[in-house]
Every structure is written in structure tokens, then in C-alpha cells.
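Student: Structure provided below as C-alpha cells; questions to follow.
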Amino acid sequence: MPSGPIKTPKIVQPGRRPLLPWLLGLALLAGVAWLAYDRGRQNAGYFAEASQARIAALEQRVGELQQSLANERELAARYQRASQIDKAAVATVRQELGRLQSERAELRKRIAFLESLISGKVTALEVSEAKLAPKEGKTRRFAFSFLVSKRDKGNDRVTGRIRLAVEGERDGKKVTLEEDKLGLKDPIKMGFKHYQRFEGVLTLPEGVRPRALVVKGRPEGKRFKPFERRIEWPAG
């Protein structure tokens, strides 16, 4: 066993650390956190205001663009209406020009006809201004008209008879239909000094495809010779 007195170990108790440094550290951290928060709040407010201003500017720009687009659309509509008006005006002018040209051609024909009446060069009778067209709403009835004139400056009266006939096809064969087959009961008589216009309506039998209307004139006496004119049937 060891000799000598036994030494009891001394318990050392820790001393109290000063609180002031900790308090100062906490205060410093709190200050830094407050500064960061305040700076962030200020920056957030700045950016929010800037964003609102930017949004307002963009909305104003959108409104301006929409108004400009509306103006462009209205202008385009005006140009379109003006273009349509111009096209209508051009069509009207062309139609009027065609009518005037037709009238001029008709006047030239009449002038030539009147000149032929006083030329005194020939004494033959002729057929002119022949027209042939279907009656409205009538599939087998056709209206005809033609002019018979003489090229003689004398006052001799022309008398006689005109006969009509239709040349065509039926069942693939050529046929010639005289007046009694065309619904023409009254005779067509001539009686004029210079010219005479003849008009009437004829009816085609079923199954006949007409090709031409034949006008035959038989003047009385020996002064004027018989004449014949073949008028082609209009297509359609």
C-alpha cells in the first residue's frame, strides 16, 4: 500500500463569461439584418414602381397601336370601296361605249341603206336588218323581222308576195317546212315605194331542229326580179 497522506482532488468550477460581447454581437447581427431588410424593401419598392411605370408605358403603347390598326383598317376599307366604285364606273363606261358603238353601226347601216335608195344604180329588191329570236317563255315560238327595200330612185310601187320557209332536221333527216307548217295563216304581202318592214311569230313543230329561215319574194310585174334570202338560225 502506498505510504503518506491521501490528497483529495480539487474541483475547479468555471467562472462566468462576460455577457456584453454576446449582447453586442446579437445587436450587431440584428442591425445588419434590419439594414438588409430595409434595403431589400426599398429596392423592392423601387423595382415595383419601375415595373408599374413600364407596364403603364406598354399599355399606352398597345392602345396607340390598336388605334393605329383601326385607322389602317378604316383606310383600307375606304380604298376598297373606292376601288369597287372605280370598277363599277369602268363597267358602266364600257357598257355605255358598247351601246354607242352599236348605235353608230346601226346608223351607218341606215345611212348606207338610205344612200342605196337614191343611188339609182340597180333596181333589185333586197332583204336587210333580219332578226330572229325566241319568244320569252316559249320554247317553240320565234319572232322574226326583216326589211325589204328597192334600190331605185323612182316612185314605182312594189307589190307582190313573200313566202317563208324553215330549213332544218328531224330524226336525222333534212326537212323544209312551209308556212302552213309554221303556224302562219295570213299571207305576207308587199306594198311599198321604197321599203317595207315585215314582222311576225312562227311556231316550230316538235322534233325539228331549225337551221335557217328562208325569205322568198315574188314581185308582181317585170320591173323587179324575184329575190331570196337565207337567214341563219341563232345558236342556243
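Student: Please go through the stretch 145-182 and pick out each residue that is in contact (Cβ under 8 Å) with a residue 24 or more places away in the chain, on the phi > 0 side of the Ramachandran plot and surrounded by fewer than 15 Cβ atoms within 10 Å (Cβ to Cβ).
Tutor: Of everything in the stretch 145-182, just one residue is in contact (Cβ under 8 Å) with a residue 24 or more places away in the chain, on the phi > 0 side of the Ramachandran plot and surrounded by fewer than 15 Cβ atoms within 10 Å (Cβ to Cβ), namely 171.
Student: Another question, then. Can you name the number of the only condition in (1) farther than 15 Å from residue 165 by Cα; (2) assigned to a loop (DSSP other than H, G, I, E, B) that residue 197 fails?
Tutor: All conditions pass for residue 197, except number (2).
Student: Quickly run through the stretch 135-148 and pick out the residues that are modelled with pLDDT of 90 or more and not aromatic (Phe, Trp, Tyr).
Tutor: Within the stretch 135-148, 141, 143, 145, 147, 148 meet the criteria.
Student: Restricting to the stretch 206-227, name every residue that is in a strand (DSSP E or B), over 24 Å from residue 170 (Cα atoms) and not basic (Lys, Arg).
Tutor: 217, 219, 227
The values are calculated or read from the model by the stated rules, or taken from the named source; none is laboratory data. Fair warning: this is a prediction, and the values are worked out from it, not measured in the lab. When we count neighbours, we look across all protein chains shown, and the Cβ atoms used for this are built from the backbone with ideal geometry, even at glycine.
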